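Visitor: Structure in structure tokens, see below.
Every read-out reported here was derived from the displayed coordinates using simple, explicitly stated rules and does not represent laboratory data. Keep in mind the model is a prediction, meaning the values are calculated, not measured. Using ideal geometry, Cβ is built from the backbone for each residue, glycine included, and neighbour counts are taken over all protein chains shown.
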Protein chains: 4
Amino acid sequence: MQAENLLGEQMENPMVRLSYAYATDLIQARLRLINADLTERNRRQIVRSMSSRIKSAESICKKLVKKGHAVTFENAVSVLNDIAGIRVVCYFCDDIYQIAAELQRQSDFRIIKKKDYVKNPKQSGYQSIHLIVGVPVTYRDQTKEMRVEIQIRSFAMDYWAELDAQMCYKKDAGQILHVEREIRDYSDVIAKVDNRMLELRKRIEEM
Amino acid sequence: MQAENLLGEQMENPMVRLSYAYATDLIQARLRLINADLTERNRRQIVRSMSSRIKSAESICKKLVKKGHAVTFENAVSVLNDIAGIRVVCYFCDDIYQIAAELQRQSDFRIIKKKDYVKNPKQSGYQSIHLIVGVPVTYRDQTKEMRVEIQIRSFAMDYWAELDAQMCYKKDAGQILHVEREIRDYSDVIAKVDNRMLELRKRIEEM
Amino acid sequence: MQAENLLGEQMENPMVRLSYAYATDLIQARLRLINADLTERNRRQIVRSMSSRIKSAESICKKLVKKGHAVTFENAVSVLNDIAGIRVVCYFCDDIYQIAAELQRQSDFRIIKKKDYVKNPKQSGYQSIHLIVGVPVTYRDQTKEMRVEIQIRSFAMDYWAELDAQMCYKKDAGQILHVEREIRDYSDVIAKVDNRMLELRKRIEEM
Amino acid sequence: MQAENLLGEQMENPMVRLSYAYATDLIQARLRLINADLTERNRRQIVRSMSSRIKSAESICKKLVKKGHAVTFENAVSVLNDIAGIRVVCYFCDDIYQIAAELQRQSDFRIIKKKDYVKNPKQSGYQSIHLIVGVPVTYRDQTKEMRVEIQIRSFAMDYWAELDAQMCYKKDAGQILHVEREIRDYSDVIAKVDNRMLELRKRIEEM
């Protein structure tokens, strides 16, 4: 309990929160450049929406405990990759790869990890690409690398994920298994819609 | 050209634009009450997002010309129902009817027109409910009724409509016919997904 | 303690908070109309900025206790006039009266109370006009009157009030008396600046 | 005219505007860190508000013409220092120097120019510090330095500058001279208020 309070205090420290916010501001500004660049090259909008969030001290504690780590500030900052997170929703499923590729081309960011849940969907049916990016945050003459998790998903997958979150909410363990299987099946249906819309777009582009 | 300029000036008049903005602010504040009420009764979020826009003088001109009316301020205000517009996106397709029903229960608004493009989809495949609502806007001791168009659609239909807009953009007349048929077919596919997600939610609710 | 928790729950109820928010949205939309109207008539901007806040359950409790009332929801809603508050900052000190006069001309609002701290500054030196306004908030076929406190002050007085808040912060009782006297003296200085800027503006207008 | 159109097109190019926006986003995120740092060290809020703007193609043209330069994209980008601008308003006049000093300590920004209009007020009476800062903007493996003008002023000087702008608006040349002299005199009055509030704050801090 004391550990939690101390962690809370340190995580709520304005310099710590603002350093994470600095990193997400910087990536979002870069994503606007990437979107403008891709929009010009593809002659259509690529990014539909973007949002960011910084985890509360409370959920940081829960995640540390769940992962079996001591609840300390140092562990939070070094073990957790998703204290700062950005979600990018694009129109079509091939846009996901275009955006991920551009992020990997940025010479001042370091790609720490990449998970392709589009090629290998999660058990739940969830599809998206997750990048853990290291961003240099300078203050005075010191530069620290802050990590940010970027989730890139298509509009169709965003639809599935949001409805999934609505439906799995407050179901108990016995029921949840059954529901989850059904929702997973629907993720296939929606992934098919996603792909057919992509094919249609390609046919239109070739006209 | 002169008519257009005069109309532009009158439409850009702050009191005119702000009266329309007043009406949309009022409806959006009411929709937040409706959402809170429905969320409590249904024990889940109903409205996913809301946005509003006021037509530019330029598109008002175009629409008047297209409809065969003289380009005057009086015609704009009395003939066009969608100078001020609000779009409401909800999670499931049955939420559309809940929201529309609540709007019709508000005793200080007048429902001028209702179009159910869910029961009778447009030629293009487009599905949503459109309400034209008359809202009393008081200034000093005078009250005018301002009209606002409210479009209510499901998340799935919002997906279809946005991708449709992206794909039909800049196609010429010959091609567009062919493309439109395909997109219409996809609207059926997505409407099916919409309905199956609804059925799944109902089954979960009954567990 | 239990009373506080119950009050907290009731005040945090979305329908209650959103009803207050509805009232402030409505007044702010009206103030934008008033500003546009006054701006046109005076040929210069009148309102510099506007903001609103709804009191937290915690400060509602404190205020009820301080005023000697039992901590109940009914008392909160019926006794406190400033659960919802709007602050309007205008450029010159005569603008305060123009805005207050227009608010009093709105036939659908009820002016419950008016305090003129410009003519009769508070002990602290604070100058502004406070209006308690009753706004009809309709939901379905029911209309309740919600009360909103509107504070109208000049840019110069906003400067004084903000610096006052910064300086009186965390001083103890013995010191505060001495400081308060000094700050009050400065409020006179700033009020003089406010009036001289007004005279200058009038001279310019007559040129 | 053709030059203007071409410049307009190039300045409105999303990659150009977004590069300037990137630079202002980055500086504003840094200023939030600076504010948090100074707030902690001074135990009071330092920055009252912050805003940014990017000059329109139209005002860039005007400024190039006024400065006697050909209206070209290259001239705009290389000659003008204030295409992107940030305004920082702080509470007291000594805060201006604290913020400027911190900006100059940031090792990844280059201070291109510094003008101290507090020590040497402009003819008009205007007081503030202007820094032209060079910010590295990286895209892929290329880094360009974008210039941003940062204006730092006190709340009191912000008051004077805004009222000055309101009053000098639309006066003709003959009258303006007379008015300007008066307004300049008022800038002295307000500078004195600014300094006396600072002295008062210092006395309170020493209690």
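Visitor: According to the square roots a ≥ b ≥ c of the eigenvalues of the Cα gyration tensor, what is the shape class of the range B:161-206, taking rounded for a/c under 1.5, prolate for a/b larger than b/c otherwise, and oblate for the remainder?
Guide: The shape class here is prolate.
Visitor: Direction-averaged shadow area of the convex hull around the Cα atoms of the protein assembly as shown, nm²?
Guide: The orientation-averaged projected area of the Cα hull of the protein assembly as shown comes to 39.3 nm².
Visitor: Pick from B:Leu33, B:Leu18, B:Leu177: which residue has the top mean-square fluctuation in a GNM of chain B where Cα pairs under 10 Å get a spring?
Guide: Highest fluctuation among the options: B:Leu177.
Visitor: Let me ask another. Averaging sequence separations of C-alpha pairs under 8 Å and six or more residues apart, then dividing by the length of the range D:119-204, give the relative contact order as a whole percent.
Guide: With pairs under 8 Å counted, the relative contact order is 29 percent.
Visitor: Over 28 Å between C-alpha atoms is what I'm after, so list which of B:Lys115/B:Lys192; A:Lys55/A:Lys122; A:Lys202/B:Lys192; B:Lys119/B:Lys202; C:Lys202/D:Lys114; B:Lys55/D:Lys62 land there.
Guide: In this structure, C:Lys202/D:Lys114; B:Lys55/D:Lys62 lie more than 28 Å apart at Cα.
Visitor: I'd like the trypsin sites (Lys or Arg not before Pro) in the range C:1-88 restricted to DSSP loop residues with at most 11 other Cβ atoms within 10 Å, sorted by number. Please list the in-between numbers first.
Guide: Working: sites: C:Arg17, C:Arg30, C:Arg32, C:Arg41, C:Arg43, C:Arg44, C:Arg48, C:Arg53, C:Lys55, C:Lys62, C:Lys63, C:Lys66, C:Lys67, C:Arg87; in loops: C:Arg43, C:Arg44, C:Lys55, C:Lys67.
Of the trypsin sites (Lys or Arg not before Pro), the ones in loops of the range C:1-88 whose Cβ has at most 11 other Cβ atoms within 10 Å are C:Arg43, C:Lys67.
Visitor: Lys and Arg at +1, Asp and Glu at -1: add these up for the other residues within a Cβ distance under 11 Å of B:Ala161 and post the number.
Guide: Net of charged neighbours comes to 0.
Visitor: Can you give the local net charge around B:Arg48? Use residues other than it whose beta-carbon is closer than 12 angstrom to its beta-carbon, Lys and Arg +1, Asp and Glu -1.
Guide: -1
Visitor: Right, here's the next one. Tell me, what ³J(HN,Hα) does each residue in the range B:40-52 have, in order and in whole Hz, if you take phi through Karplus 6.51 cos²θ - 1.76 cosθ + 1.60 with θ = phi - 60° and put x for Gly and Pro?
Guide: 3J(HN,Hα) across the range B:40-52, in whole Hz: 5, 6, 8, 6, 7, 4, 9, 8, 8, 7, 9, 8, 9.
Visitor: I want to check the label-to-label distance for C:Ser56 and A:Arg181. Put each point 7 Å from Cα in the C-beta direction and report it in nm to one decimal.
Guide: Taking the two extended label points, one gets 4.8 nm.
Visitor: For the range D:82-207, with only Lys/Arg (+1) and Asp/Glu (-1) charged at the beta-carbon, what is the dipole magnitude about the Cα centre, in debye rounded to 20?
Guide: I would put it at about 280 debye.
Visitor: Something else: Report the far tail of the P(r) of the range D:93-172, meaning the percent of Cα-Cα pairs longer than 15 Å.
Guide: Tail of the P(r) past 15 Å holds 64 percent of the pairs.
Visitor: Provide the convex hull volume over Cα atoms per residue for chain D, in Å³.
Guide: Value for chain D: 133 Å³ per residue.
Visitor: Using θ = phi - 60° and the Karplus form 6.51 cos²θ - 1.76 cosθ + 1.60, what ³J(HN,Hα) does each residue of the range D:106-119 get, whole Hz, x for Gly and Pro?
Guide: My calculation for the range D:106-119 gives 6, 6, 9, 9, 10, 7, 8, 7, 9, 10, 9, 7, 7, 5 Hz in order.
Visitor: Given that compact globular proteins tend to follow 2.2 N^0.38 Å, what is the ratio of the alpha-carbon Rg of the range B:13-117 to that value?
Guide: Relative to the rule-of-thumb radius for its length, the range B:13-117 sits at 1.23.
Visitor: Moving on to the next point. Run the helix sum for the protein assembly as shown: -39,500 (n - 2.57) per DSSP H stretch of 4+ residues, divided by residue count, reported at 222 nm to the nearest 500 deg cm²/dmol.
Guide: It comes out at -19000 deg cm²/dmol, rounded to the nearest 500.
Visitor: Right, something else. I need the trypsin sites (Lys or Arg not before Pro) found in the range D:119-207, filtered to DSSP loop residues with at most 16 other beta carbons within 10 Å of theirs.
Guide: Values: sites: D:Lys119, D:Lys122, D:Arg140, D:Lys144, D:Arg147, D:Arg153, D:Lys170, D:Lys171, D:Arg181, D:Arg184, D:Lys192, D:Arg196, D:Arg201, D:Lys202, D:Arg203; in loops: D:Lys119, D:Lys122, D:Arg140, D:Lys170, D:Lys171.
Here the trypsin sites (Lys or Arg not before Pro) that fit, given the DSSP loop and packing criteria, are D:Lys119, D:Lys122, D:Arg140, D:Lys170, D:Lys171.
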